[in-house]
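Trainee: Take this structure, written in C-alpha cells, and hold onto it; I'll ask about it next.
Every number in this text was worked out from the coordinates using simple rules, so none of it is lab data. Every value quoted in this text rests on a predicted model; they were computed, and no experiment measured them. Glycine also receives a Cβ, built like all others from the backbone with ideal geometry; neighbour counts cover every protein chain displayed.
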Amino acid sequence: MELARAGSSRRRFLSSFGRLTVYPTADYQVLIPFGICHGDIPDYGPAVKASQLHRFGLLCVVSGPSGSGKTTLCHRFSEEDPMADYAVSATTRPPREGEQDGVDYYFLSREEFEAKVEAREFLEYAEVHGNLYGTLKSEVTNRLESGHDVLIDIDVQGAASIREHRNETIHDAMIDIFILPPDGDGLIERLRGRGTEGEEELALRLKNAREEMRHWQEYHYTIVSDSKDADFTIFSSIVNGERCRTSRYRVQDAD
Ligand code: 5GP
C-alpha cells in the first residue's frame, strides 16, 4: 500500500487505473492494490502490528574443543549485534594474562563456586580440564525475558545439562551449535599459536578435544571451521534464521 498526499481541495473521487484503486481519505489518498472500496474505508490495518510482537530471546549454546574459536565468535557477535549478549561464566581456573574478572570470567575460589552451587545460582556447571565452570542464572534469565539473545560458550557436558533442563523457557530458547575444527593438526597449531597453555595443560586440552569432538552430532548445527570471517558469516546466518521462527513470537494486547 502506498500513501499520497491528497490535494487541498480534497476532491472525492474514485478512480481505477489498471488494478490499482485510488481512494481519497480526509488527508490522504490511499492506493490499494487490487482494492475494491465501498462507502467508508474499512479497517485495512494488518491483523497484527510489529509493535504488538514480543520475541523471546535465544539461548545460543556454542561448544567445540579448545582452540576452535568459539569464544572469539561469541564475543564478536555480541559486540556487533545490540540484541545479543555474551553471558560471562564463573570458573575456578586462575586468570590468564590479560583476562579480566567480570569480563572474561568471574574468577572464583573453589569454596566460592561451591557456595553458589549450594545456593542454586547456576543454570549448569561442570568440571572441565580439572577446573569448575558454570553458567550463572543471573547472566541469562532476565535477558531472555526482555527479548535479548544470550550466547554461552560451554563444554559438551554443560550443553547436555541445558538440553535436559526442565524449565520450559530455557528449553524453548535453546539452540546449539558445534564448532568443528577441520583437522587435528590445525587445532594443535591454533592452540600452540595462542601460547596460553604450558605443555602439560596443552596435552590435557588436546586429549579432551578428541573426547569433546565425539559429541558434535548431538548439536542441531555444526560449523566446520574455516577462516574466522567465514565462520562468523555462517554463525550469524544461523542465529538470524533462528530469530525468525514464528514460535518465538507472542502477540501482546494492543493499547
Ligand atoms: P577455557 O579455560 O579455555 O576458558 O575454557 C575451557 C572450557 O570450559 C571450554 O570448553 C569452555 O567452553 C568451557 N566453559 C566455559 N564456561 C563454561 C561454563 O559456564 N559451563 C561449562 N559447562 N563449560 C564452560
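Trainee: Give the long-range amide H neighbours of Val150: residues separated by 5 or more places, or on another chain, with amide H under 5 Å away, using H modelled in the peptide plane at 1.01 Å from N.
Mentor: Amide H neighbours of Val150: Leu58, Leu59, Cys60, Asp85.
Trainee: Given Cβ point charges of +1 (Lys, Arg) and -1 (Asp, Glu) and nothing else, what value in debye, to the nearest 20, does the dipole of segment 108-255 about its Cα centre take?
Mentor: Details: 19 positive and 32 negative charges, 58 e Å.
Around 280 debye, computed over segment 108-255.
Trainee: Arrange Cys74, Cys60 by Cβ neighbour counts within 10 Å, fewest through most, would you?
Mentor: Ranked by crowding around the Cβ, least crowded first: Cys74, Cys60.
Trainee: I would also like to ask the following. Where does each of Ser109, Ser89, Ser146 land when they are ranked from fewest to most other beta-carbon atoms within 10 angstrom?
Mentor: So the ranking, lowest neighbour count to highest, is Ser109, Ser146, Ser89.
Trainee: Scaled to the compact-protein estimate 2.2 N^0.38 Å, what is the alpha-carbon radius of gyration of segment 92-166, rounded to two decimal places?
Mentor: 1.12
Trainee: Need the C-alpha centroid separation for segment 172-247 versus segment 87-147, integer Å.
Mentor: 20
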